[in-house]
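Below: the structure, in structure tokens.
The values are calculated or read from the model by the stated rules, or taken from the named source; none is laboratory data. This is a predicted model, so every value here is computed, not measured. All Cβ positions, glycine included, derive from the backbone under ideal geometry; neighbour counts span all protein chains shown.
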Amino acid sequence: MKDEARAAVAAIVRAAVTGRSISSIFDYDAGKYRTFSGTASGSVNLYDYDRGVYVTGSLHSLYDYGHGEYISLKIEGNHFSGFDYGSRNNFTGTLSGNMVEIYDFDTGQHYQYG
């Protein structure tokens, strides 16, 4: 999964589980804040300021306009999983407090966002 899409998924998961709007999330791997605007309740309408693009759809089926790719997402409590159609790989993750951790099967690595 591309870095920007992974960060967007982390922001969407945090917003959906906490019920708060999306503003920014710290990407520990990149060492910087990624800025967003939007909501993620039944539907997702996220604007990614870093890329100048939208990520929209339902919580189950997202479309990343920057990469022109779909991402499926399933959230169960504080755990989530999905499939990135761009890389053709799965991902899984957890939310603990404000921290989101994603394991990306494409890269074989864990990524943290706070």
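For every residue, the table says whether it meets (1) at pLDDT 95 or above; (2) of a type outside the set (Val, Ile, Thr).
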site: Leu46; (1), (2): yes, yes
site: Val55; (1), (2): yes, no
site: Leu59; (1), (2): no, yes
site: Leu62; (1), (2): yes, yes
site: Gly97; (1), (2): no, yes
site: Tyr113; (1), (2): yes, yes
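Restricting to segment 26-41, what's the tally of residues that are out of contact with any strand residue (DSSP E or B) (no Cβ under 7 Å at 6 or more places or on another chain) and outside any strand (DSSP E or B)?
3
From the list Val13, Val55, exactly one residue is outside any strand (DSSP E or B) and surrounded by 16 or more Cβ atoms within 10 Å (Cβ to Cβ). Which is it?
Every option except Val13 fails the conditions.
Which is of a type in the set (Lys, Arg) and touching a residue at least 60 places away in the same chain (Cβ under 8 Å), of Arg20, Arg88, Arg6, Arg51?
Testing whether each residue is of a type in the set (Lys, Arg) and touching a residue at least 60 places away in the same chain (Cβ under 8 Å) leaves just Arg6.
Of everything in segment 16-25, what is part of a strand (DSSP E or B) and within 12 Å of the chain's Cα centre (by Cα)? Give them in sequence order.
Within segment 16-25, Ile22, Ser24, Ile25 qualify.
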